[in-house]
1. Mind checking whether some residue in segment 188-200 is open to solvent by 50 Å² or more (accessible area, probe 1.4 Å) and under 21 Å from Gly95 (Cα atoms)?
2. When you check Ile67 against the structure, is it modelled with pLDDT under 95 and among the hydrophobic types (A, V, I, L, M, F, W, C), yes or no?
3. For the list (1) polar (S, T, N, Q); (2) surrounded by fewer than 23 Cβ atoms within 10 Å (Cβ to Cβ); (3) modelled with pLDDT of 95 or more; (4) within 16 Å of the ligand (Cβ to nearest atom), I need the number of the one condition that Asn220 fails.
4. Which numbered condition trips up Thr320, out of (1) in contact (Cβ under 8 Å) with a residue 40 or more places away in the chain; (2) over 15 Å from Val240 (Cα atoms); (3) of a type in the set (S, T, N, Q)?
5. Within segment 174-183, can one find any residue that is under 30 Å from Gly292 (Cβ atoms), open to solvent by less than 30 Å² (accessible area, probe 1.4 Å), in contact with a helix residue (DSSP H, G or I) (Cβ under 9 Å, 6 or more places away or on another chain) and touching a residue at least 40 places away in the same chain (Cβ under 8 Å)?
6. Do we have Ser108 as closer than 20 Å to Pro187 by Cβ, of a type in the set (S, T, N, Q), within 19 Å of the chain's Cα centre (by Cα) and open to solvent by less than 40 Å² (accessible area, probe 1.4 Å) here?
7. Here are some residues: Asp185, Asp86, Asp178, Asp143. Which one is charged (D, E, K, R) and either in contact with a strand residue (DSSP E or B) (Cβ under 8 Å, 6 or more places away or on another chain) or within 29 Å of Gly45 (Cβ to Cβ) (or both)?
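The values are calculated or read from the model by the stated rules, or taken from the named source; none is laboratory data. The shown structure was predicted, so the numbers you read here are calculated from the model rather than taken from an experiment. As a convention, Cβ positions derive from the backbone with ideal geometry for all residues, glycine included, and neighbour counts pool all protein chains shown. Remember, those area values only see protein heavy atoms, side chains included, never the ligands or the DNA or RNA. Shrake-Rupley method; radii C 1.70, N 1.55, O 1.52, S 1.80 Å.
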Amino acid sequence: MSDTVLDVQKLSVSFATAKGTIQPVRDVSFALKRRETLALVGESGSGKSVASLTLMRLISRSAGCAISGSARLTAGEQSLDLLNDDIRKISSVRGDRISMIFQEPMTSLNPVHRIGDQIGEALYFHRNLSRKERGEKVLHLLDQVGIVNPARTARDYPHHLSGGMRQRVMIAMAIACDPDVLIADEPTTALDVTIQAQILDLLRKLQEVNNMAMVFITHNLGVVAEIADRVMVMYCGQVVEDASVMDLFRRPLMPYTQGLLSSIPAISLSDERPKLYSIPGNVPDLAKLPSGCAFAPRCRYVTESLCTAREPEVELATPTRRVRCLNWRTINNVDDGESNEA
Ligand SMILES: Nc1ncnc2c1ncn2[C@@H]1O[C@H](COP(=O)(O)OP(=O)(O)OP(=O)(O)O)[C@@H](O)[C@H]1O
């Protein structure tokens, strides 16, 4: 049996906007294995949320939105294409085999329903449980995510809870049916660092217990180092680098990734604090992408005749890492025949 639970091939999403057609996700492919955590990183607007909402089928084809590619979810006996199969089939696995923790718990939780009822909803739809069994499972889930008084919290409404507790409740909802794949969209961004560490710890433990795979969206490279096995860096909707955490942090190959890693602040006790690097310029408007490589206008290694003339294809730098840059060999002193050691 293959270990791949989610196989995404050539996912592209475009929207018709007042400024013209934009393509926030372009030709994104990746495979996710059981128990693996893939981090999706990139600046705001790089297409991380649109990609994951499309996988959940929460963005779907309409007059103003075109989607192409495939996303095969293989969970137990089931195998289905999240992008192309009938929506009734997708609804039967959404919240069950694949689920999502959203960025902002306060807007995702329903303010007029009790916490216990909201967690119980996925169980009601996907599991054949009596009311009593469902209630017990809700208390177990609240306990599992570290809520101190599950019975009381189950009766509470969202506004009774702190930000950290609401985020735990969101996790309890997402894992209620032991999903095979969990997509977590910046689940710790709004929390202070101690709570952030607790939530990361919790997700890791749950992953071990439930054997689930995770797609973890974040801006925070410290969090990536903490939680991910692989990292996929996105820029203007494209994957520009994809590598194991070790390889990426040890030797980033794409100038954008190099820039991101150089902008992480280090803790320094000396009087002379090193000046922090920041990538010059801004992410371009998706409606007016520059010609050639989208990162070229901000790249310190840009070769005008090459980088602005041709759009780079994604290349295998080694059998296990991909990079999208016409200059990556020159920048990293890699000979043509040497790619396997990059
Ligand atoms: N429904 C929509 N219609 C038109 N444009 C959209 C729509 N949804 C998202 N976009 C645009 O798609 C681009 C990618 O947005 P997305 O939210 O995926 O970025 P992101 O990488 O997740 O950013 P952040 O880290 O800030 O969440 C943005 O330019 C956004 O304005």
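1. So far as segment 188-200 goes, no, none of its residues is open to solvent by 50 Å² or more (accessible area, probe 1.4 Å) and under 21 Å from Gly95 (Cα atoms).
2. no
3. Only one criterion is unmet by Asn220, namely (3).
4. Checking Thr320 against (1) in contact (Cβ under 8 Å) with a residue 40 or more places away in the chain; (2) over 15 Å from Val240 (Cα atoms); (3) of a type in the set (S, T, N, Q), the one that fails is (2).
5. No, there is no match, as no residue in segment 174-183 is under 30 Å from Gly292 (Cβ atoms), open to solvent by less than 30 Å² (accessible area, probe 1.4 Å), in contact with a helix residue (DSSP H, G or I) (Cβ under 9 Å, 6 or more places away or on another chain) and touching a residue at least 40 places away in the same chain (Cβ under 8 Å).
6. No: the conditions fail for Ser108.
7. On inspection, the qualifying residue turns out to be Asp185.
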